[in-house]
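Novice: This structure is in structure tokens; I'll ask about it shortly.
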Amino acid sequence: SQELEQSPQSLIVQEGKNLTINCTSSKTLYGLYWYKQKYGEGLIFLMMLQKGGEEKSHEKITAKLDEKKQQSSLHITASQPSHAGIYLCGADYNNNDMRFGAGTRLTVKP
Amino acid sequence: ETGVTQSPTHLIKTRGQQVTLRCSSQSGHNTVSWYQQALGQGPQFIFQYYREEENGRGNFPPRFSGLQFPNYSSELNVNALELDDSALYLCASSVRAAGNTIYFGEGSWLTVV
């Protein structure tokens, strides 16, 4: 069963376009992590959000956590082919483990 | 570069065999977790070790077992392999404390035939 729902499952965008990926939790999060994964490889840490209403940015990627700490969004501005991959949100429910969504596969067309 | 190293990177086993996967954690990390990721899915939590003791387990049968060593390296053992065990196995290490980043290795691809 998925405690975390990600949407969309896949996304194809033209280079230069903006995009948003959403992650919704069935219960309040202690922390929310965003990772990027190239097919068949390990997870690359992007950002971690803990406080309600928190927003973080790194280069052209911005992640937000809502006030209730049950929803997060990842926004990419002016997408590039290097942004292509699978984006995973991971939830820390303070159970000493991380639960993941199913992932969003992003394709950026040149 | 996450500082978490896994071996082997790829292996093929026959149904019914046993496999051991290894993980070398980032220096100073006392917590290691293992995940199974099937194609097209997110990683599924198998179990976590903290200071050499199992500290939480996901919905996996007892034939999935693990060890954490004093130097915080870790093993995942799977007995009586089944075809559905074919997946990418990921190791993640961290310092156990609120808000600390969790670092993942590149994973071990296991194919069961």
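Novice: Using alpha-carbon positions, what is the distance between the centroids of the stretch A:34-110 and the stretch B:70-111, in Å?
Specialist: When both Cα centres are located, 20 Å separates them.
Novice: Students often get this wrong, so check it: of A:Lys17/A:Lys56; A:Lys27/A:Lys60; A:Lys27/A:Lys56; A:Lys51/A:Lys109; A:Lys27/A:Lys64; A:Lys68/A:Lys109, which have C-alpha atoms separated by over 26 Å?
Specialist: On the way: A:Lys17/A:Lys56 20 Å; A:Lys27/A:Lys60 29 Å; A:Lys27/A:Lys56 22 Å; A:Lys51/A:Lys109 35 Å; A:Lys27/A:Lys64 17 Å; A:Lys68/A:Lys109 35 Å.
With Cα atoms farther than 26 Å apart: A:Lys27/A:Lys60; A:Lys51/A:Lys109; A:Lys68/A:Lys109.
Novice: What nm distance separates the two modelled labels at A:Glu67 and A:Lys27, each placed 7 Å from Cα along Cα→Cβ?
Specialist: A separation of 2.4 nm, rounded to one decimal place.
Novice: Based on Cβ point charges of +1 for Lys and Arg and -1 for Asp and Glu, what charge dipole magnitude is obtained for the stretch B:38-106 about its Cα centre, in debye rounded to the nearest 20?
Specialist: Roughly 240 debye, rounded to the nearest 20.
Novice: Further question: What are the residues whose amide H is under 5 Å from the amide H of B:Gly107, where those residues sit 5 or more places off or on another chain and H is modelled from the backbone?
Specialist: The list, which skips near neighbours in sequence, is B:Gln6, B:Cys91.
Novice: Quote the charge dipole size of chain A about the Cα centre in Debye, to the nearest 20; the model charges only the Cβ of Lys and Arg (+1) and of Asp and Glu (-1). Write out the running numbers ahead of the final one.
Specialist: On the way: 13 positive and 11 negative charges, 39 e Å.
Dipole about the Cα centre, nearest 20: 180 debye.
Novice: Next up: How high is the FRET efficiency from B:Leu11 to B:Glu54, r the C-beta distance, R0 35 Å, rounded to 0.05? Numbers along the way, then the final one.
Specialist: Numbers: r = 24 Å, r/R0 = 0.69.
My answer for the efficiency is 0.90.
Novice: In addition: Read phi for every residue in the stretch B:40-53 and hand back ³J(HN,Hα) as whole Hz from Karplus 6.51 cos²θ - 1.76 cosθ + 1.60, θ = phi - 60°, with x for Gly and Pro.
Specialist: Going residue by residue, I get x, 10, x, x, 10, 5, 9, 6, 10, 10, 10, 6, 6, 10 Hz, with x marking Gly and Pro.
Novice: Hey, another quick one. If A:Lys38, B:Lys13 are ordered by their accessible area, calculated over protein heavy atoms with a 1.4 Å probe, which sequence runs from highest to lowest? It would help to have the intermediate numbers written out before the result.
Specialist: Values: A:Lys38 75, B:Lys13 55 Å².
Ranked from most to least accessible, the order is A:Lys38, B:Lys13.
Novice: So, one more: Evaluate the charge dipole of the protein assembly as shown about its Cα centre and quote only its size in Debye, nearest 20, assuming +1 on the Cβ of each Lys and Arg and -1 on the Cβ of each Asp and Glu.
Specialist: Working: 20 positive and 20 negative charges, 60 e Å.
In debye, rounded to 20, the protein assembly as shown gives about 280.
Novice: Can you run phi through the Karplus equation (6.51, -1.76, 1.60; θ = phi - 60°) for the stretch B:11-18 and list ³J(HN,Hα) in whole Hz, with x for Gly and Pro?
Specialist: Here the 3J(HN,Hα) series is 7, 10, 10, 9, 3, x, 6, 10 Hz.
Novice: Once label points are set 7 Å from the Cα along Cα→Cβ at both A:Lys109 and B:Leu67, what is their separation, rounded to one decimal in nm?
Specialist: The two pseudo-label positions are separated by 5.3 nm.
Novice: Still on this structure, please answer the following. Tell me the relative contact order for chain B as a rounded percent, counting alpha carbon contacts under 8 Å between residues six or more apart.
Specialist: Working: 292 pairs, mean separation 42.4, N = 113.
In percent, rounded to a whole number, it is 37.
Novice: Check which residues have an amide H placed less than 5 Å from B:Arg96's amide H, if you skip close sequence neighbours.
Specialist: So B:Arg96 has HN proximity to B:Asn30, B:Thr31.
Novice: Given points 7 Å out from each Cα along the Cα-Cβ axis, report the B:Glu82 to A:Gln14 separation in nanometres with one decimal.
Specialist: 4.8 nm
Novice: Under 5 Å between amide H atoms, partner at least 5 residues away or on a different chain: which partners does A:Met47 have, H built in plane at 1.01 Å?
Specialist: Answer set, sorted by chain and number: A:Trp34.
Novice: In sequence order, what are the phi-derived ³J(HN,Hα) couplings for the stretch A:60-76 according to the Karplus relation 6.51 cos²θ - 1.76 cosθ + 1.60 with θ = phi - 60°, rounded to whole Hz, with x for glycine and proline?
Specialist: Using θ = phi - 60°, the values come out as 9, 10, 10, 10, 10, 10, 6, 4, 7, 6, 10, 9, 9, 10, 10, 10, 10 Hz.
Novice: Separate question: Per residue, how much accessible area does the stretch B:7-93 show when a 1.4 Å probe rolls over the protein heavy atoms, in square angstrom? Working shown, then result.
Specialist: Details: 4070 Å² over 87 residues.
Spelled out: the 1.4 Å probe surface of the stretch B:7-93, per residue, equals 47 Å².
Novice: Using 0.36 nm per residue of separation minus the Cα-Cα distance, give me the extension gain between A:Ser82 and A:Ser57 in nm, one decimal.
Specialist: Values: separation 25, 0.36 × 25 = 9.00 nm, distance 1.70 nm.
Extra length from A:Ser82 to A:Ser57 when fully extended: 7.3 nm.
Novice: Oh, and also: In whole percent, what relative contact order does the stretch A:1-75 give with Cα contacts below 8 Å and a gap of six or more residues? It would help to have the intermediate numbers written out before the result.
Specialist: Working: 128 pairs, mean separation 21.1, N = 75.
In percent, rounded to a whole number, it is 28.
The values are calculated or read from the model by the stated rules, or taken from the named source; none is laboratory data. This one's a predicted model, so the numbers in the text were calculated from it and none came from an experiment. Using ideal geometry, Cβ is built from the backbone for each residue, glycine included, and neighbour counts are taken over all protein chains shown. Accessible surface areas use protein heavy atoms only, side chains included; no ligands, DNA or RNA. Shrake-Rupley method; radii C 1.70, N 1.55, O 1.52, S 1.80 Å.
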